[in-house]
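Note sheet for the following structure.
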Amino acid sequence: MYLTKEEEKILAGEEGETLQKAMGILAALGDIYEADSLIPIRSAQISGVSYKTIGDAGLEWISDLKGTVKVPSVLNPAGMDTEDRERLNIDPHFAEKQIEIINVFRSLGIRPQCTCTPYYLKGFDISFGDHLAWGESSAVSFANSVLGARTNREGGPSAISAALIGKTPNYGLHLAENRKPTVVIRTEMPLSGADFGALGYLAGKIAGSGVPYFEMTDIKGRSGSGDGAGMIVPGKDELKALGAAMAASGAVALYHIRGVTPEACRKDFEAPSGDRETEIVTIERKDLDGVYESAFTESGESVPTDLVTVGCPHCSAEELREIASLLEGKTVVKEFWIFTSREVAGDNADLVRKIEESGAKVVCDTCMVVSPAADRFSCVRVNSGKAYAYVPGMCGAGAVFGTLKSCVDDATGKR
Ligand code: F3S
């Protein structure tokens, strides 16, 4: 990879050990992936924040870093609510280590906002075509697909390095030629709410690490017409759920939807069709129905749910409103955790209060997957395709996928 004179000096250690280390990581990645050069980034989102995932080795690695990031940077969810460890019964030793990790990141000038929905944060704006270095897979998918920005899925060290240098190697999804669809996925049925998580769960397995192009129409036979009749236009939260699930069941970091997502609307690539070599797969209602209510445990056995969680990815204000409305006048009979960012919770304190009147807990900075809190439960009901894919492996608990209403019904003893 070509380095400018200034970049070479950094690599030679003329600006200190931390930047030398960061430049070394970026240069190595650039060489491996045959990037032509480094390109400036607008922001970074650092993954590898939870003590559950990085442990002492990760803490030691970041503790050696000095200096200040060059671009606005935030964190992925941590292993606990950073202001209230007792909220989910986090062990004091874990909490101490987690706070140490956050403080190291803070000392590097990284905003200690721990969220997988950084696109909701004020002052963290993203525009079409921006180059980013983001780490969390659902955030990467949303940035690429819904916002039309460009980011690879960065690991913890590469995202920190990019933040410290203010640049990233120009390869992968930063290049237009890698953003073209590789598979067409058709759905010809009405879709709403959790359907998008179920669809993403199935589509991720089909697309793998490719770039799916969705044709979503409400009635069978309309997909091929290409005239937009009966086209389904998902909401922002539905797009978020779709991308998150595909990133977990597969490794999808970018998707397009005909007539919906920005690059598909701009026709930045030739729309795939049956007469070209792109594979076309149809997902039907019976396929989605197979995801709902089926238990997914490591051992394959079915166990009753003892925990309900929503907010994977972190809830938007609209989702908090819907949860508050569904919980109105009800009392939960089992643990019900709702995950969101501290900023969204703070901006919607009235909704948080209404939700918590039911006994449910609105928890910030973390989630059921990256926190050790869910590890003590046997089976978790979720409304997220991503959580459905990850909970068994990451928490050692079973998972059941259902609608948001089914989550509220389960938590309030109505199922
Ligand atoms: Fe976010 Fe955790 Fe889900 S990081 S996308 S809430 S697994």
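The values are calculated or read from the model by the stated rules, or taken from the named source; none is laboratory data. Here the structure is a predicted model, which is why all the values come from computation and not from measurement. With ideal geometry, Cβ positions are generated from the backbone for all residues, glycine too; neighbour counts draw on all protein chains shown. For the accessible areas, the whole protein counts, side chains as well, though only heavy atoms, and no ligand, DNA or RNA atoms are used. Shrake-Rupley method; radii C 1.70, N 1.55, O 1.52, S 1.80 Å.
Please label the shape of the chain as rounded, prolate or oblate, based on the square roots a ≥ b ≥ c of the eigenvalues of the alpha-carbon gyration tensor (a/c under 1.5 means rounded; beyond that, a/b larger than b/c means prolate, else oblate). Oblate. In straight-distance terms, cross-link reach from Lys240 covers every one of the lysines whose alpha-carbon lies under 17 Å from its own, apart from those fewer than eight places away in the same chain; here that gives Lys386. What separates the Cα centres of segment 15-40 and segment 103-172 is a distance of 17 Å.
Between Glu356 and Thr331, the contour length at 0.36 nm per residue exceeds the Cα-Cα span by 8.1 nm. Taking 20 Å as the cut-off, the amide N atoms of segment 74-111 that come nearer than this to a point 7 Å along the Cα-to-beta-carbon line of Thr68 belong to 74-75, 102-111.
Taking the DSSP beta bridges with both ends in segment 295-411, the antiparallel portion is around 10 percent. Per residue, segment 295-411 exposes 35 Å² of solvent-accessible protein surface, assessed with a 1.4 angstrom probe and all protein chains in place. The mean of 1/r over all pairs of different alpha-carbon atoms in segment 5-175, once inverted, gives a Kirkwood hydrodynamic radius of 16.2 Å. Looking at segment 180-291, the DSSP beta bridges with both ends there are about 5 percent antiparallel.
What shape does segment 302-415 take by its C-alpha gyration tensor, where a ≥ b ≥ c are the square roots of the eigenvalues and a/c under 1.5 counts as rounded, a/b above b/c as prolate, and the rest as oblate? Don't skip to the answer; put the middle values down first.
Working: a/c = 1.90, a/b = 1.31, b/c = 1.45.
In terms of gyration-tensor shape, oblate.
For the peptides 386-395, 33-42, the ranking by packing is 386-395, 33-42, with the highest mean count of neighbouring Cβ atoms within 10 Å listed first.
For every other residue with a beta carbon closer than 12 angstrom to the beta carbon of Glu15, add +1 if it is Lys or Arg and -1 if Asp or Glu, then tell me the sum.
Numbers: positive: Lys9, Lys21, Lys66, Lys70; negative: Glu6, Glu7, Glu8, Glu14, Glu17.
That sum, taken over residues with Cβ under 12 Å, equals -1.
Among beta bridges from DSSP that stay inside the chain, the antiparallel ones total about 15%. Taking 0.36 nm per residue of separation and subtracting the current Cα-Cα distance, fully stretching the chain between Thr53 and Thr182 would add 43.3 nm. When all alpha carbon pairs of segment 180-291 are counted in 10 Å bins from zero, the resulting P(r) reads 16, 53, 30, 1 %. Computed on protein heavy atoms with a 1.4 Å probe, the accessible areas place Thr278, Thr4 in the order Thr4, Thr278, largest first. As a rough guide to protection, the peptides 302-313, 237-248 ranked by mean Cβ packing within 10 Å, highest first, stand as 237-248, 302-313.
To the nearest 10, the accessible area of Glu284 is 70 Å² with a 1.4 Å probe.
Taking the Kirkwood radius as Rh and the Cα radius of gyration as Rg, segment 1-71 has a ratio of Rg/Rh equal to 1.00. Largest mean-square fluctuation among Ser341, Ser192, Ser316, in a Gaussian network model of the chain whose springs join Cα atoms under 10 Å apart, belongs to Ser192.
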